[in-house]
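Each value in this text was obtained by applying a stated rule to the coordinates, not by laboratory testing. It should be emphasised that the depicted structure is a prediction, and the values quoted were computed from it without experimental measurement. Glycine gets a Cβ as well: all are built from the backbone with ideal geometry, and neighbour counts include every protein chain shown.
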Amino acid sequence: MAPSMTLAITAKAKELRAAGEDVIGLGAGEPDFDTPEHIKAAAVQALADGFTKYTPAAGTPELRAAVARKFERENGLSYDPQQIIVSSGGKHSCYNVMMALCQAGDEVIIPAPYWLSYPEMVTLAGATPKIIETTDTTEFKVTPDQLRNAINENTRLFILNSPSNPTGSVYTPEEIKALGDVCVEKGVLIMSDEIYEKLIYGDAKFQSVAGCSPEHQAHTIIVHGLAKAYSMTGWRLGWAVWPKKLIEQVIKFCVNNHSCVNAAIQFGGIAALDGTDDSIDYMMEKFSKRRKLICDGLNSIKGIDCSLPGGAFYAFPNVKGTGMNGEEFAKKCLHEAGVAIVPGVSFGKKAVDYVRFSFAASQDDISQAIENIKKISQ
Ligand code: PLP
């Protein structure tokens, strides 16, 4: 498997910092806010109350019920809490999906640019990633025709990620439905990674493919988690919503794999889901400003072309006009401007001319990063 370039760059930036260099980290997809106090308090209270033992492998009934309430309240989707299997982050749920569903001979369709863990997980399960290339002419969105042409008798799964990491693209509800229609027609399951659901800007609108019709819902496994929206990256808490007929097998897999997720943090999860979203509103206000700041700043640099992302917290500019490809540009940024970013090739080999900036960083850091890059671009 390939190592995670995002984590490698974050580690390199830390190393340079430890050696006394000033490095601004715009590589990692990690909100720079603290976890809201009421969430922390719930986990601390759970520890004080003695919740220090194994929980059921699929998660506590209370957390699974809180997740089901979230889907009902926010997405109009009814699920039996039994269908929800809690995991150590959204990443763990993606892995569970691959291990539960895929084996040698299976193909998993992944639109590129993609979150870099998807193909590695598919390969780990013994299956083959089938990459569909997209370009900025469709805002890096896969079309129903592309999807239909990629499906064959070996297709096991289609991975949909909106809002997207790394491009920040958000599919419209109509686009989501059209892709779901193809999967329903062809009998293909969808893994819908909705981890950035709450990070949406301007006119963009989040739509879960499961919400398009009961048939779409039956073809969809939603993967989700608290890391991004509640600033809970280090807590490791997520879940997937499984079709009823798979639950028993997946629970057996969990029992023999990780036993259960940390007991006390599951109480933090309930507090997050049932509590106020004020912290998200606050964070989104900041992210909206940073989105504009970083895109305007990048567009003011000769040779860089950056569209406004509709969601998540990533800007994905084309840097071809600088005379460098994405990898050369990212290296120069790190070593000469002291700014850590991720080259586009990490997210698919055709994205050579792109780089990913995370704007989950302070406005001061973003402004300084733009200044530094401007200097080395003259
Ligand atoms: N899915 C996507 C698209 C992501 O970008 C990430 C994290 O970067 C995850 C899933 C995993 O998130 P978690 O921290 O909950 O494992």
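For a 32 Å ceiling on Cα separation, which of these pairs sit above it: 14/141; 286/374; 40/331; 70/292; 91/186?
Check vs 32 Å cut-off fails for 14/141; 40/331.
Thinking of segment 113-235 as a set of Cα atoms, what percent of all their pairs are more than 25 Å apart? Working shown, then result.
Working: 1553 of 7503 pairs.
The answer is 21 percent, as a whole percent.
Which of the peptides 119-126, 223-230 is most tightly packed, and how do the rest follow, going by the mean number of other Cβ atoms within 10 Å of each residue?
Packing order, densest peptide first, comes out as 223-230, 119-126.
Tell me the relative contact order for segment 37-274 as a rounded percent, counting alpha carbon contacts under 8 Å between residues six or more apart.
Averaging sequence separation for qualifying contacts and normalising by length gives 30 percent for segment 37-274.
Ranked from highest to lowest mean number of other Cβ atoms within 10 Å per residue, what is the order of the peptides 352-362, 274-284? Walk me through the numbers before you get to the answer.
On the way: 352-362: 23.9, 274-284: 15.2.
Per-residue Cβ counts within 10 Å, averaged per peptide and sorted highest first, yield 352-362, 274-284.
Measuring from label point to label point, each 7 Å out along Cα→Cβ, what is the residue 293 to residue 186 span in nm?
4.3 nm
How far, in degrees from 0 to 90, does helix 90-101 lean away from the longest principal axis of the Cα atoms of the chain, to the nearest 10?
60 degrees
Evaluate the distance, in nm, between pseudo-label points positioned 7 Å from the Cα of residue 215 and of residue 41 along their respective Cα→Cβ axes.
4.9 nm
Mind checking the full-extension length gain between residue 136 and residue 52? Use 0.36 nm per residue of separation minus the Cα-Cα distance, one decimal, nm.
Gain in length upon complete extension: 25.3 nm.
Cα axis of helix 37-48 to longest principal axis of the chain: angle in degrees, 0 to 90, nearest 10?
50 degrees
Which order do the peptides 109-118, 160-169, 178-187 come out in when sorted by mean C-beta neighbours inside 10 angstrom, highest first?
Answer by packing, highest mean first, reads 160-169, 109-118, 178-187.
Give me the number: length gained by fully extending residue 33 to residue 364, i.e. 0.36 nm times residue separation minus the C-alpha to C-alpha distance, one decimal in nm.
117.7 nm
Could I have the simple spin-label model distance between residue 281 and residue 371, label points 7 Å from Cα toward Cβ, reported in nm to one decimal?
Result: 3.4 nm between the two label points.
Calculate how many DSSP beta bridges within segment 37-274 are antiparallel, expressed in % of all such bridges and rounded to the nearest 5.
Of all bridge pairs located within segment 37-274, approximately 30 percent are antiparallel.
Expressed as an acute angle from 0 to 90° and rounded to the nearest 10, what is the orientation of the C-alpha long axis of helix 278-299 relative to the principal long axis of the chain?
Approximately 30 degrees, to the nearest 10.
So who's got an amide H within less than 5 Å of the one on residue 116, skipping anything under 5 residues away but keeping other chains? H placed 1.01 Å off N, in plane.
Result for residue 116 returns nothing.
Taking a spot 7 Å from the Cα of residue 174 along the direction of its beta carbon, which residues of segment 115-148 have an amide N less than 14 Å from it?
144
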